[in-house]
Amino acid sequence: MRRTPVTQLPAWLALGSHSAALKSLHLRDLFASDPGRAERFSVKAEGLFLDYSKNRITDETLGLLLQLARESGLAESIEAMFRGDAINLTENRSVLHTALRAPKGAEILSGGVNVVPEVHAVLDKMEDFAERVRSGAWTGHTGKRVRTVVNVGIGGSDLGPVMAYEALRHYSDRDLQFRFVSNVDGTDFAEAVRDLDASETLFLVASKTFTTLETMTNAQSARQWLVGELGDESAVAKHFVAISTNAKEVSKFGIDTANMFGFWDWVGGRYSMDSAIGLSTMIAIGGANFREMLAGFHAMDVHFRTTPFERNLPVLMGMLGVLYTNFFDAQTAAVLPYDQYLKRFPAYLQQLTMESNGKSVTLDGVAVDYETGAIYWGEPGTNGQHSFYQLIHQGTKLIPCDFIGFANSLNPLGAHHDILVANLLAQAEALAFGKTSDQPHRNFTGNRPSNMILAERLTPGILGKLVALYEHAVFAQGIVWQINSFDQWGVELGKVLAMKIVPELQATGDPELGHDASTNALIRWYRGHRA
Ligand code: G6Q
């Protein structure tokens, strides 16, 4: 039976007329006429403080947004996900990243099997390995301890590990350095290893499928480099480990499956940073910190599953996103962390949000006639203030912002942190309230919405909570939009076409080309110009 299109749900229809009236209200007046607003539109939960009062909402708006969530069946869908139903319909899979952080002893079934014991078995194996690398007990081919860990992976097998490493660098073992190779551009690999001593280098080949062209190309180059440097094929065993679901391909590559860390088809790439894909994170920060991060994820999972929508952080954030996307025509959303350690957080969120909700066909296979996932972007504060914030303040586009900040710096230094936080608060204030001036170019209209997410300090646990907050906000939006947030067919076509073009670029003579005239000409240009 087909779902009722979201655009025909009573709450959607009501939001349509309500938002027309909403647009004439200014945040200045909403605050002036309502002393309780800041308190009412904020939630403290799980060590996070979300102030969403600077959004273009009234109590009625919020009521309608949460009604829309209910009419969309969000509560039932949350249960279906946590229960392990095959909600990834186009791939017929469960979506169980929440099982990756379930405590020992929990029971979560996929295909009738409790997956939690396997999850913990892999975690224990990872921890054992990570501690051996950290202590120097794991030695390379020539007997030296590891000094550099190079993660080779792309997409979900790269962005989470890079983001988490940068975010938790404060907690990392500074005797080890970490590099991340993802791009198939040879420069990425060449620059990553140019100053490395192969005898002290460990490669983690991270690939769920172990067939991804970029990762396999980089992994082969890594292998050649290592064998070339150490002059012995058998060195591979001590310098390569694999993180994958594909044991067959791992042994074909020459990695002993004893040194393989597994995960499962119910973990999507962009939801995999707390699976074995997080091995580099665990080596960097140690098992205890990694488990603290998982506990943070889990706490947010429980919050999402059990908290009434009115106080449910992911539901509130997800539904506010729906408001701007569908009723304010906002095309993008900015994520602005005021913490240097979160510098890769926006890039990580880009994949999480855009690969998940960049869809235009519903679960019933019908083309949508409404907007879905926004474009996410951002930079850490205060840098963005001296570049693109101009457009957010005075441009013609409405850009809802998520500000993220902390009460304490991990590197207290004079007045730096107070200045940083003053800027964070000032930006949200300026966006909401603006400033009237008789000189048009000095006028700030204000009424530009933002969320403020604060925590005491950036810890592994808080990072887990932040990531899970966005994971679940994305989920809530996907449910409302009736799309599958867990497939990514959109990345397939380009991959297939590239595989066809590679031999055409490499062929000798003048191969017959069957593309469009533009692509044919570009291929010929390349063939004619490369050395
Ligand atoms: C994420 C996507 C994608 C994937 C990469 C790497 O959700 O599925 O980004 O993570 O294509 O895939 P492998 O891990 O299989 O190499």
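The values are calculated or read from the model by the stated rules, or taken from the named source; none is laboratory data. Just so you know, these numbers come straight off a predicted model, no measurement behind them. Cβ sites come from the backbone with ideal geometry, for glycine too, and all protein chains shown count toward neighbours.
Things to note:
Matching residues to (1) acidic (D, E); (2) more than 22 Å from T245 (Cα to Cα):
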{"position": "G105", "(1), (2)": "no, yes"}
{"position": "K125", "(1), (2)": "no, no"}
{"position": "H141", "(1), (2)": "no, yes"}
{"position": "R147", "(1), (2)": "no, yes"}
{"position": "G153", "(1), (2)": "no, no"}
{"position": "D158", "(1), (2)": "yes, no"}
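- Cβ-Cβ distances below 9 Å connect no pair with a first residue in segment 148-172 that is over 21 Å from L213 (Cα atoms) and at pLDDT below 95, a second residue that is within 11 Å of the ligand (Cβ to nearest atom) and not β-branched (V, I, T), and a separation of six or more residues or different chains.
- So V205, is it modelled with pLDDT of 95 or more and closer than 23 Å to M126 by Cβ: yes
- Considered as a group, the residues in segment 254-275 that are within 15 Å of the ligand (Cβ to nearest atom), more than 11 Å from F210 (Cβ to Cβ) and aliphatic (A, V, I, L, M) include one that is nearest to the chain's Cα centre (by Cα), and that residue is M273.
- Against the numbered list (1) at pLDDT 95 or above; (2) surrounded by fewer than 20 Cβ atoms within 10 Å (Cβ to Cβ); (3) within 18 Å of E127 (Cα to Cα), F240 comes up short only at (2).
- Comparison of D339, D369 shows that the only residue that is charged (D, E, K, R) and farther than 29 Å from R457 by Cβ is D369.
- Of all residues in segment 243-253 being without any contact (Cβ under 8 Å) to a residue 60 or more places away in the chain, touching a strand residue (DSSP E or B) at 6+ places or on another chain (Cβ under 7 Å) and within 11 Å of the ligand (Cβ to nearest atom), the one that is farthest from G160 (Cα to Cα): T245
- None of A121, A102 is in contact (Cβ under 8 Å) with a residue 12 or more places away in the chain and closer than 24 Å to D265 by Cα except A102.
- Checked against (1) in contact with a Pro (Cβ under 6 Å, 6 or more places away or on another chain); (2) under 16 Å from G358 (Cα atoms); (3) free of Cβ contacts under 8 Å to residues at least 24 places away in the same chain, E504 passes all but condition (2).
Conditions tested, residue by residue: (1) among the basic types (K, R); (2) surrounded by fewer than 15 Cβ atoms within 10 Å (Cβ to Cβ); (3) in contact with a helix residue (DSSP H, G or I) (Cβ under 6 Å, 6 or more places away or on another chain); (4) at pLDDT 95 or above.
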| site | (1), (2), (3), (4) |
| --- | --- |
| F41 | no, no, no, yes |
| R83 | yes, yes, no, yes |
| N88 | no, no, no, yes |
| P103 | no, yes, no, yes |
| I108 | no, no, yes, yes |
| V122 | no, no, yes, yes |
| K125 | yes, no, no, yes |
| E131 | no, no, no, yes |
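- Boolean, S110 is within 16 Å of the ligand (Cβ to nearest atom) and under 24 Å from F304 (Cβ atoms): no
- Filter pass, L159 being under 18 Å from F261 (Cα atoms) and under 25 Å from the mean Cα position of the chain (by Cα): no
- Checked against the criteria, L363 does not count as away from the ligand (no atom under 16 Å from the Cβ) and surrounded by 20 or more Cβ atoms within 10 Å (Cβ to Cβ).
- Scope segment 179-232; condition β-branched (V, I, T) and within 11 Å of the ligand (Cβ to nearest atom); matching residues: V205, T209, T211, T212, T215
- Test: residue in segment 362-374 that is within 21 Å of V162 (Cα to Cα), free of Cβ contacts under 8 Å to residues at least 60 places away in the same chain and not hydrophobic (A, V, I, L, M, F, W, C): no
- Restricting segment 366-380 to residues that are surrounded by fewer than 17 Cβ atoms within 10 Å (Cβ to Cβ) and either part of a strand (DSSP E or B) or at pLDDT below 95 (or both), the residue that is nearest to the ligand (Cβ to nearest atom): I375
- Test: G156 is surrounded by 15 or more Cβ atoms within 10 Å (Cβ to Cβ) and within 16 Å of the ligand (Cβ to nearest atom): yes
- Only listed residue being in a loop (DSSP other than H, G, I, E, B) and either within 30 Å of G296 (Cα to Cα) or of a type outside the set (F, W, Y) (or both), chosen from G514, G464: G514
- Here the condition is being under 30 Å from A102 (Cβ atoms), free of Cβ contacts under 8 Å to residues at least 60 places away in the same chain and more than 16 Å from the ligand (Cβ to nearest atom); of R457, R524, R530, it holds for R457 alone.
- Flag for V146 being away from the ligand (no atom under 16 Å from the Cβ), closer than 30 Å to K248 by Cβ, among the β-branched types (V, I, T) and touching an Asp or Glu at 6+ places or on another chain (Cβ under 7 Å): yes
- Evaluated against (1) under 28 Å from E355 (Cα atoms); (2) among the aromatic types (F, W, Y); (3) exposed (fewer than 11 other Cβ atoms within 10 Å of the Cβ), Y470 falls short on exactly one condition, (3).
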